[in-house]
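Trainee: Quick one: the structure is below, and I'll ask about it shortly.
The values are calculated or read from the model by the stated rules, or taken from the named source; none is laboratory data. These numbers come from a predicted model, not from an experiment. Counting neighbours? That spans all protein chains shown, and the Cβs are built from the backbone with ideal geometry, glycine included. Surface accessibility is based on the protein's heavy atoms, side chains included, excluding ligands, DNA and RNA. Shrake-Rupley method; radii C 1.70, N 1.55, O 1.52, S 1.80 Å.
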Amino acid sequence: MIEASAPSKVIIVGEHFVVKGQPAIAAALDVRSKARIEENLKGIIIRSINLNFEVMIPMELSGSLPKEVEPFRRILKTMSERYGKLRPAKITLESEIPVGSGMGSSASTFAAFTAAYSRYLGVELSLDEVNEIVYEAECVVHGKPSGIDNTIVTYGGVIAYRKGEGFLRLNVKINQDYAWLVADTGVRRSTGDLVRRVLDLYDKYEEVLMPLYHAAGHLAIEAAKALEQGDYEKLGELMNINQGMLEAIGVSTLQISEIVYKAKEAGALGAKLTGAGGGGAVLILAKRGDLNEVEEAIKPYTAKIFKTRITHTGIRVKEFNER
Ligand code: PMV
């Protein structure tokens, strides 16, 4: 049996602005998705525990399939075209990441699937190849995403990302005195819809919004420096400014603001929505000593709180011998 996993992602600063070419900073979190592969004789069965479906894809990859399965068909098609082979299998997908929360659950699942299935085929894929294949699958779900999700879940760590230019790995100074919380609002939303809404607003008010986009780019550069210097007080302030910018482009909500203000009242250094907004998750930075108080303060406004850490492990593949 083969099992692969991939981390989740948070955007520390720069979401939406990244779509128009500004830099953004993202980190991989140790909340993971898994794909487990077992031998099967008939076709390619995909079972998703979180989305509650089990579907068989025929070996010729033809026919009509539920829309949740289309990204997997896409991945299989690419593998078959590039490597000239497919093998029947049963692939079970399971994720700790809430779907549609801005934590990259789709990219993470596609990365785990791609890594596990390629190992099953006996094809050695480089991380760059996995990243490319996951991006194509992301396009099936999200239209034309910036590429930040597939990149961070594949490589792990903390990156500065700029569309069209790829990414730069940041050498982050971890300081155990500070910690992250990710609060899920429980409100699911579509990244594609929110991105379109923001782009429409940009087209309507280009002269007004262009300086804001430039400022967001400078903010991301400052945030990268703060991370590399281990200056978490400064990083918190920059996150708060970024939240104001995201509010300005209309992607925050009352519930997000409640979490942000309650967290800051309880001592958090920085709090902002992460991902597309409109619901989804809120990222909070606090001194470790203030963590419990912050958690208690935001609990009534959240569906789930993740106390987690940044991970340098992107895709991981394990092989088990069956007894
Ligand atoms: O909410 P998510 O995890 O899908 O993140 C979206 C991030 C955006 O910057 C809004 C879009 C993108 O493609 O980068």
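Conditions tested, residue by residue: (1) polar (S, T, N, Q); (2) in contact (Cβ under 8 Å) with a residue 24 or more places away in the chain.
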position	(1), (2)
SER8	yes, yes
VAL13	no, yes
PRO23	no, yes
ALA27	no, yes
ILE46	no, yes
GLU54	no, no
PRO58	no, no
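Trainee: Just to be sure before I move on: is SER8 open to solvent by less than 10 Å² (accessible area, probe 1.4 Å) and either out of contact with any strand residue (DSSP E or B) (no Cβ under 9 Å at 6 or more places or on another chain) or of a type in the set (Gly, Ala, Ser) (or both) in the structure I sent? If you could, list the steps in order and put the result at the bottom.
Mentor: Working: open to solvent by less than 10 Å² (accessible area, probe 1.4 Å): yes; either out of contact with any strand residue (DSSP E or B) (no Cβ under 9 Å at 6 or more places or on another chain) or of a type in the set (Gly, Ala, Ser) (or both): yes.
Here the answer is yes, as SER8 does meet what is asked.
Trainee: Taking LEU86 as the residue in question, decide whether it is touching a strand residue (DSSP E or B) at 6+ places or on another chain (Cβ under 9 Å) and either open to solvent by less than 30 Å² (accessible area, probe 1.4 Å) or in a strand (DSSP E or B) (or both). It would help to see each step written out before you state the result.
Mentor: Numbers: touching a strand residue (DSSP E or B) at 6+ places or on another chain (Cβ under 9 Å): yes; either open to solvent by less than 30 Å² (accessible area, probe 1.4 Å) or in a strand (DSSP E or B) (or both): no.
No.
Trainee: THR151: open to solvent by less than 20 Å² (accessible area, probe 1.4 Å), farther than 24 Å from HIS312 by Cα, of a type in the set (Ser, Thr, Tyr) and within 16 Å of the ligand (Cβ to nearest atom), yes or no? First the steps, then the outcome.
Mentor: Details: open to solvent by less than 20 Å² (accessible area, probe 1.4 Å): yes; farther than 24 Å from HIS312 by Cα: no; of a type in the set (Ser, Thr, Tyr): yes; within 16 Å of the ligand (Cβ to nearest atom): yes.
It is false that THR151 is open to solvent by less than 20 Å² (accessible area, probe 1.4 Å), farther than 24 Å from HIS312 by Cα, of a type in the set (Ser, Thr, Tyr) and within 16 Å of the ligand (Cβ to nearest atom).
Trainee: Which pairs do you get when a residue that is modelled with pLDDT of 95 or more, found in segment 97-110, comes within reach of a residue that is within 8 Å of the ligand (Cβ to nearest atom), reach meaning Cβ atoms under 6 angstrom, with the pair 6+ apart or on two chains?
Mentor: Filtered contacts from segment 97-110: ALA107/ASP149.
Trainee: Tell me yes or no: at least one residue of segment 128-141 is over 28 Å from GLU319 (Cβ atoms), touching a Ser or Thr at 6+ places or on another chain (Cβ under 9 Å), touching a residue at least 40 places away in the same chain (Cβ under 8 Å) and within 16 Å of the ligand (Cβ to nearest atom). If you could, list the steps in order and put the result at the bottom.
Mentor: First, the residues of segment 128-141 that are over 28 Å from GLU319 (Cβ atoms): 139-141.
Of the ones still in play, those that are also touching a Ser or Thr at 6+ places or on another chain (Cβ under 9 Å) are 141.
Of the ones still in play, those that are also touching a residue at least 40 places away in the same chain (Cβ under 8 Å) are 141.
From the residues that got through so far, the ones that are within 16 Å of the ligand (Cβ to nearest atom) too are 141.
Within segment 128-141, one or more residues are over 28 Å from GLU319 (Cβ atoms), touching a Ser or Thr at 6+ places or on another chain (Cβ under 9 Å), touching a residue at least 40 places away in the same chain (Cβ under 8 Å) and within 16 Å of the ligand (Cβ to nearest atom).
Trainee: Among the numbered criteria (1) of a type in the set (A, V, I, L, M); (2) open to solvent by less than 10 Å² (accessible area, probe 1.4 Å); (3) away from the ligand (no atom under 15 Å from the Cβ), which single criterion is violated by LEU291?
Mentor: Checking LEU291 against (1) of a type in the set (A, V, I, L, M); (2) open to solvent by less than 10 Å² (accessible area, probe 1.4 Å); (3) away from the ligand (no atom under 15 Å from the Cβ), the one that fails is (2).
Trainee: Evaluate the following for ILE75: is it open to solvent by less than 40 Å² (accessible area, probe 1.4 Å), touching a helix residue (DSSP H, G or I) at 6+ places or on another chain (Cβ under 7 Å) and in a strand (DSSP E or B)? Explain how you work it out, then say what you get.
Mentor: Working: open to solvent by less than 40 Å² (accessible area, probe 1.4 Å): yes; touching a helix residue (DSSP H, G or I) at 6+ places or on another chain (Cβ under 7 Å): yes; in a strand (DSSP E or B): no.
No: the conditions fail for ILE75.
Trainee: Looking at ILE284, ILE256, which is the one that is surrounded by 19 or more Cβ atoms within 10 Å (Cβ to Cβ) and either free of Cβ contacts under 8 Å to residues at least 60 places away in the same chain or part of a strand (DSSP E or B) (or both)?
Mentor: Numbers: ILE256 fails: either free of Cβ contacts under 8 Å to residues at least 60 places away in the same chain or part of a strand (DSSP E or B) (or both).
Sole residue among the options that is surrounded by 19 or more Cβ atoms within 10 Å (Cβ to Cβ) and either free of Cβ contacts under 8 Å to residues at least 60 places away in the same chain or part of a strand (DSSP E or B) (or both): ILE284.
Trainee: Would you confirm whether any residue within segment 63-71 is touching a residue at least 24 places away in the same chain (Cβ under 8 Å) and either under 23 Å from the mean Cα position of the chain (by Cα) or within 16 Å of the ligand (Cβ to nearest atom) (or both)?
Mentor: yes
Trainee: What do you reckon, is LEU125 more than 19 Å from the chain's Cα centre (by Cα) and outside any helix (DSSP H, G or I)? Don't jump to the end; show me each part of the working.
Mentor: Numbers: more than 19 Å from the chain's Cα centre (by Cα): yes; outside any helix (DSSP H, G or I): yes.
Taking the combined requirement at face value, the residue satisfies it.
Trainee: If you don't mind, another one. Which of the residues that make up segment 1-34 are in contact with a helix residue (DSSP H, G or I) (Cβ under 6 Å, 6 or more places away or on another chain) and either part of a loop (DSSP other than H, G, I, E, B) or of a type in the set (Lys, Arg) (or both)?
Mentor: Those that are in contact with a helix residue (DSSP H, G or I) (Cβ under 6 Å, 6 or more places away or on another chain) and either part of a loop (DSSP other than H, G, I, E, B) or of a type in the set (Lys, Arg) (or both): LYS9, GLY14, HIS16, LYS20, GLN22, PRO23, LYS34.
Trainee: Now a separate question. Given the conditions (1) modelled with pLDDT of 95 or more; (2) open to solvent by 20 Å² or more (accessible area, probe 1.4 Å); (3) on the phi < 0 side of the Ramachandran plot, which single one is not true for ASN321?
Mentor: The number of the failed condition is (1).
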